[in-house]
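Beneath this line is the structure, given in structure tokens, with notes to follow.
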Amino acid sequence: SSTEQKLNGVSLIVIGANGDLAKRKIWPSLRELVHQDLTPLSSLLLFAGTRNPPEKTKDFLYSYFEKLVCPEEWDISTRQCWELNDKLFNSIIPVQLNDPESYGSLQQQIEALLNERGLAEEARIFYLSVPPFAYSSISRYIHNYSRPMSSYTKLRVAIEKPFGKDLSSAIELADSILGNLNSKEVFLIDHYLHKPGVSQIVEFCRSNPLLYSSAGLIDHIEIISSESIDVRGRTDYYDQYGVIRDMIQNHLTEILTLLTLDLSNLTSPSNRPFDLNAAKFDILKSIYPPFLQSAVFGQYSGYQDDLESDKGGNAHVNISTTPTLAIVVLHLQSPVWFNIPVIMVSGKKLGKRETIAKVVFKKTRHVSLRKKNGYCDDIVFTIQDSNGSSFITLPSNHNFNLPNDKTWTYNEGDGTSCSSMKTIPLGRMALKETYASVLRSLIRGESDLFVPLSNVLESWRIWSSLLLEYEEGKGEHLMIYNKSFLDNLRLTLNGSTLTVFVNSSDPQDNLVSFEKDGISFKSGNKTVEKIKEKIFGHFLYKFSRSSLAREISQDILDTAITSVQARDSFHLALPGGSSPADVYQSLVVDYKHSFPWTHTSIWQTDERCVPITSRDSNLFQLSKTLLAQVGVPYVNIHPLFPVCHKSESVLNEYASINYFDYVLLGVGKDGHTASLFPDSVNSSFSPFDNNETVKFVKLPLDYPIKVKERVTLSMERLVKARRIGMIITGKDKCHLAHVIESKDKHNSSLPFVQLLRKAKPGTVKIWMDRNICKK
Ligand SMILES: O=C1O[C@H](COP(=O)(O)O)[C@@H](O)[C@H](O)[C@H]1O
């Protein structure tokens with residue numbers, strides 16, 4: 001009864017009040033609520049909890065609010081802004097929360113203040129703005145020492161994402177929290193649920209339940225989040241999580257559940273209130289976990305630099321395979337959505353900031369991520385464009401119901417870019433900060449706008465196996481992309497296998513233009529590029545010895561296909577020695593029947609001047625291991641041995657073609673490549689100083705190599721190739737890996753390094769045994 005005489009009050013305790021999230025989001029958002037008169041400070045008990053003594057927290061808050069400027073849109077003077085900051089600052093009570101007793105003292109402090117102000121505490125909210133490892137102990141302290149005494153008071157504990165890293169860690173975390181809190185007390189934050197563009201999806205779908213009965217007409221759904229920002233400054237966090245955990249498991253999956261909700265309950269006669277989270281749970285349950293073949297991963301070019309800069313620039317930073325972009329195809333096991341693929345795309349450092357969800361009606365199985373005319377035939381929910389605005393675009397001939405709500409205004413299309421379209425702008429966000437809406441919903445207890453634990457676990461069930469598969473593959477499916485990536489991307493789906501290629505009629509063009517930026521595309525295969533380091537602008541790939549040969553032979557095949565498509569021929573120069581043997585074997589085993597052998601011409605990079613029947617002859621080995629087993633026409637094989645010991649003019653007749661399409665090279669432990677040996681040995685021969693096509697090489701007698709008379713393509717000739725694959729394998733070559741990965745590479749005169757320096761940046765792929773330096 002005493003409750004009835006009191007005013008409703010809410011206690012809000014921000015734990016981690018001096019942390020990054022509090023500074024960037026929580027305090028500015030609270031201030032916005034106060035400014036908009038949406039949260040009267042008189043009924044709010046506001047605590048700033050840190051591990052520090054209260055005086056220190058007060059000092060922090062003082063200097064923080066002193067510098068906090070007001071957004072221009074508020075159109076208030078500096079003085080008014082300062083007064084607002086001051087008002088908020090004076091309402092915040094700093095508390096030290098570092099042990100169980102401190103939570104007990106907080107309890108007493110709250111009770112005393114409520115009495116003093118004559119407030120009945122409607123809700124007690126703990127906002128855990130702390131790292132995930134602290135969730136469990138803090139929830140225990142709350143339960144044991146700060147739980148409201150009155151059953152009238154609702155306890156709400158707000159927790160940020162990421163909630164775990166995968167299903168098992170999320171279950172463990174949930175268990176430890178649920179030992180102290182009841183599941184209804186846990187409010188997991190997904191700030192996307194508070195974006196007007198997201199909440200309008202449900203409203204639109206509620207007004208148009210027939211959308212779902214037309215699922216038979218829907219071809220697929222796209223949910224695309226393109227961000228222009230990078231992650232510099234927060235790689236400490238990001239590098240451990242990556243795009244699936246950072247954006248897809250939570251925000252994009254939430255959008256998907258809202259878009260595909262089963263709203264049939266809404267129109268059924270039952271009087272039960274519609275349970276949004278339970279309906280979302282049902283959708284989550286129906287999603288098949290995607291496999292690696294239905295996903296493509298990318299990392300923006302420059303990510304490694306961001307990692308290094310965040311580490312202070314000088315520290316050694318391992319190559320990271322954390323993806324900053326992913327494209328994934330999902331399928332739902334539901335009568336309505338069966339056979340309607342959902343394509344999710346999320347990436348950082350792309351050309352623009354835009355989040356859209358698009359329902360694409362049946363026309364074609366090609367997926368274009370571009371706003372072409374076809375765009376007007378689909379329903380597009382623009383959750384946010386680069387200005388933060390949200391709107392819905394509908395086909396002109398639609399008969400959708402527009403929600404009966406004054407926040408919706410309906411416009412005809414402007415007839416310019418997409419004449420038949422009609423648009424519903426949903427206006428600018430009512431609250432500038434999405435987090436202001438998060439806080440307001442927390443205060444109001446709007447649980448539909450938070451994620452229940454059951455749903456977050458279900459979502460991890462969907463994503464964990466993909467993450468595991470990806471991480472076991474250690475980045476072998478990672479491509480490097482640049483900011484124009486989405487504009488040029490085209491995807492096709494065959495079942496759930498995703499194929500990526502560039503939207504151009506000439507595949508060769510695509511290949512050339514994209515390889516410059518570190519990406520090559522090929523139709524028929526989703527794996528586009530593998531993780532690489534750049535060495536003199538070339539690409540370094542590291543694979544286990546067992547997968548290296550296959551990767552190289554696949555690369556040769558891809559180049560062959562595009563060359564034949566473009567020029568009807570493929571000119572391939574091959575070396576001898578031990579390095580390429582496994583590659584030749586893979587070409588035979590994997591591509592005997594699928595390689596364009598009849599269009600291929602085989603050249604030699606170098607040859608030993610020995611009889612062709614000698615085991616030391618490169619051609620002998622090449623014939624045995626490759627040429628005798630595949631269908632290269634005899635006339636297309638160009639042996640080098642006939643020009644041994646010949647005059648310069650004869651030498652130069654070899655390889656009259658202008659460019660090799662692919663030159664494969666090994667590297668010897670002395671750094672030689674083809675038969676270009678280190679100049680430093682006491683040899684009269686210098687392979688680097690003229691423009692000859694082919695060189696005759698006579699090494700000094702004491703040079704530690706078996707056959708000392710050789711012919712070789714010259715450096716000038718080699719570096720002209722369209723593509724060079726350089727193999728570095730063998731335990732005795734660890735020092736070579738150090739050379740190219742060190743700063744000293746610029747001073748090295750070793751022939752293979754010289755070749756890297758001279759070749760046009762981007763033409764060489766260095767294929768290195770990942771374990772080259774392991775004993
Ligand atoms: O949760 C996150 O969301 C942001 C994107 O949010 P938005 O409101 O700017 O669209 C993303 O940049 C961040 O990496 C992620 O942790």
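A crude spin-label estimate for the pair residue 637 and residue 154, with each label 7 Å from Cα along the Cβ direction, gives 8.1 nm. Name the shape class, rounded, prolate or oblate, that the alpha-carbon gyration tensor gives for region 159-291, where a ≥ b ≥ c are the square roots of its eigenvalues, rounded holds for a/c under 1.5, and otherwise prolate holds if a/b is larger than b/c and oblate otherwise. Since a/c reaches 1.5 but b/c is at least a/b, the shape of region 159-291 is classed as oblate. Modelled spin-label separation between residue 175 and residue 51, with each label point placed 7 Å from Cα along the Cα-to-Cβ direction: 2.6 nm. Relative to the current alpha-carbon distance between residue 23 and residue 229, full extension at 0.36 nm per residue lengthens the span by 72.2 nm. Give, as ranges by residue number, the residues of region 563-595 whose backbone N falls under 18 Å from the point 7 Å along Cα→Cβ of residue 629. Residues 574-595 qualify, since their backbone N sits under 18 Å from the label point. Approximating the spin labels as points 7 Å out from Cα along Cα→Cβ, the residue 109-to-residue 339 distance works out to 6.3 nm.
Peptides 162-171, 629-638, 731-740, ordered by how many other C-beta atoms sit within 10 Å of their residues on average, highest first, read 162-171, 731-740, 629-638. Averaging the Cα positions of each part gives two centres, and for region 570-624 and region 134-166 these lie 67 Å apart. Extension gain, residue 87-residue 59: 0.36 nm per intervening residue step, less the Cα-Cα distance, totals 8.5 nm.
Partners of residue 184 within straight-line reach, counting aspartates and glutamates whose Cα lies under 15 Å from its Cα and excluding those fewer than 8 residues away in the same chain: 175, 275, 446, 448. R0 = 35 Å: FRET efficiency of residue 592 with residue 657, Cβ-based, nearest 0.05? Step by step, r from the Cβ atoms, then E = 0.90.
All of the numbers you see were taken from the coordinates with simple rules; none came from a lab. For clarity, every value in this text was computed on a predicted model and none was experimentally measured. Heads up, the Cβs are rebuilt from the backbone with ideal geometry, glycines too, and the neighbour counts pull from every protein chain shown.
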